[in-house]
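The values are calculated or read from the model by the stated rules, or taken from the named source; none is laboratory data. Note that this is a predicted model, so its numbers are computed, not measured. Positions of Cβ are backbone-derived with ideal geometry, glycine not excepted, and every protein chain shown enters the neighbour counts.
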C-alpha cells in the first residue's frame, strides 16, 4: 500500500470515529498539491460550514439542526476522502489506471439514463435484426454483439472506478438494474462492477442500491450477485456515520429466507477457501485411480463400459468388475464433492486463463453466451457441432470455465476423431451434471458465480491491485486467519442475538471443517452465551484441545444442563473427566452410561479405569476377568489387569501380564515403567533396571533428561512404591542405576 493511500486511510479512520476537525486538517495538507479545483471547492464548503457551526456554538446560539448538520458534514467529508482514494488508485494501481484511460473520453456512459437507453436500444436492435432475413443477417448480429460487448466492457470499467454517487444517480441505476427491458446478463455485469468498486471505495448509496436490488429483483441471477456484493462490502468501521447501513442489515435479517441464504453463502465461501485442498485430493487420490483402472475400461458418452479382453477373462475373471467398481467409486467421490459445494474443476481450468480473452477484466464476470465476440474466431465446424450450445446449458462449469473450455477445445477440434466430435455435439458431452430443476436453484446459481469470483481474485494478472477478499496472500500459520472479507458473518454489523440459529450452524460448520477459529470470535457480542448449548459445547472442545480440563468440564456440564439427553456431549464430558483425572465424577458418569448401554465395551473399560484410580481394585478385577474372557487379546484389558493386580500385590500375575505387553510392538512407555515396578517389588533389581532403561528409546535422551523423566514417574507413583517398602533414598539409587552412574 502506498504512502498516499495510507494517508487517506488515516483521514478516513478519523472521520469514521466522528473526528471531523482532525480529518479536515489531514485533507487540507493532502490536497494542497494533489487535488483538482472541484475537490478544493467541496472541501472549502465543508470547512466553512464547520467554522460557522463552531462560531454559532461559541456564541451560545441554540441550533436544533446542529446534530443533523454535523452528521451531514461527516458524510460529505467521507465522500471527499473516498473520491481522493479513487484518484490515488487511478494514479498508482495499473488495473485502475487502465480503466480510467480507456473510459475517460467516453460520453455514452456519463449518466444512468444514457446507459439505459443504450442497453435498451441493443435489445430492440437484436430483436429487429433477428426478425429480418437476408444474407448479411448473421454479420449484422455479430456486429451488434461486438459493439455491445465493447460498450459493456467500457461501462464495467467506468463503474469500477466510479466516485461517490448522488441520490439521483443511485436511484436511476437502481431503476435500470430492476428493469426487465435490459438484458439480464448486462445487469449482472453492472452488479459485479459495483462489487469491485465497493470493495475498494465504500459508498453508502451504492451499498444500499445492492441491498434494494437483492430484495426487489425477480431475476435470481441478479439477486445472487447483489447478495454477494453487499455481503462482501459491508463496512463496520463506518457504522458511526452511516447508521442506515446497520438499519438495512437489520431489516434484511428479519426475513428467514435471507438468514438461510447468508448461512449458505458463508459456507460456500469457506468451500472456496478450501479449493486447493480439494484440488490436491483429486490430483493425488482420485485421478491416479482413474488412470490405473483405465486399461480395463472405456469411458464413453453413454457411461463406463468394459473393454473386451477374452484372455483377461480367463486369467483374471474379476478384473473388469473390480476396475469398473473402482472407477465408479472415484467418479462418485468427485460428484459427492461437487454436490456438497467443492470446486473440483479449479485445478484443471486454472491453467486455461492465459488467453488474451482474460486480459479484459470484464470477461472474468461475464455470463457465458455464444455470441460473445471473444468466441467469434471459433471455427464453423466447432460451432456447428452444437458444442457451444451444450456448454452454455451445461451444469458443472462456471461461466469463466466455459469460456476457457470453448477457447481451448477450438484449438484441437479439427484434429479430433469423428466419434469424439460427435460426442461433443451431444447433450451428455460434459458428463454427469445436476438435474435441470437444481440448476435454477439459488444455491447452485450462487455457487457458479462464486467460482467466477474466486478465479478472478486468484488468477487475474493484476489481482494484487484489489482487496484480498479470500485472504489468499496472508501467510499461512497454525491458526485460522479470520481477518478477510469472505468471512462476512464475523462482521459486527450483524446482531448475533437475532441470528442465533445462523451462528449456531455456522459455528458447527467451522468446527466440522477443522477451522481453528476461536469460538468467542464467532459469538462476539452474543449476550446469552452461557445458555447457548452450541457455544458451550464448542468452547468446551476448545478448552479440551488446549488441555484445560476443568474449564472444558464446566462447559460440557453447563451444556448438559440445557440438553440432558445429549449423549455425545456426555461422552465428551467423560473423556474430559478422565483426562483431568477427576475419576470420582467420571465413575458416576460411566456407571450411568453402562446402565443404558450395558454391552458397550468402551464404556466398560473406561468405567474400570475409574474404579482402578479410585482404588476399587477388587471390583475392577471382577469386571476385568469377565471382560478378558470376552476379549482375550485386547491389550487395554490386559493392561488394566496388570495394573490392578500390581496394586493388589498379586505380583506374579501382574508380571505375566506386563511381560506379555512389553513383548509386543504396541507397548507404551507406561507399560515398561509399571513392568519395572513389578520386577522391583519382586526384588528383581537388574530386570527392573533394564525395563526402566527401555522407556528411553535407546540413546536418544541425554542422561539428565532420562533422570528427569524417570523421577517424574517415581513422583507420580510414590504412594505405590512406598507401599512396597521402598524409600525415597532407594528411588534415588534406582535413578542412578538407570542413568548408568558408576
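For this structure, a couple of remarks:
- Any chance residue 645 is under 30 Å from residue 680 (Cβ atoms) and crowded, with 19+ Cβ neighbours inside 10 Å: yes
- Residue that is nearest to residue 215 (Cα to Cα) [pool: residues in the range 236-245 that are surrounded by fewer than 17 Cβ atoms within 10 Å (Cβ to Cβ) and touching a residue at least 24 places away in the same chain (Cβ under 8 Å)]: 244
- Residues that are under 16 Å from residue 83 (Cβ atoms) and under 40 Å from the mean Cα position of the chain (by Cα) within the range 17-66 comprise 23, 24, 26, 27, 30, listed in sequence order.
- Failed item in (1) modelled with pLDDT under 90; (2) under 22 Å from residue 572 (Cβ atoms), with residue 524 passing the rest: (2)
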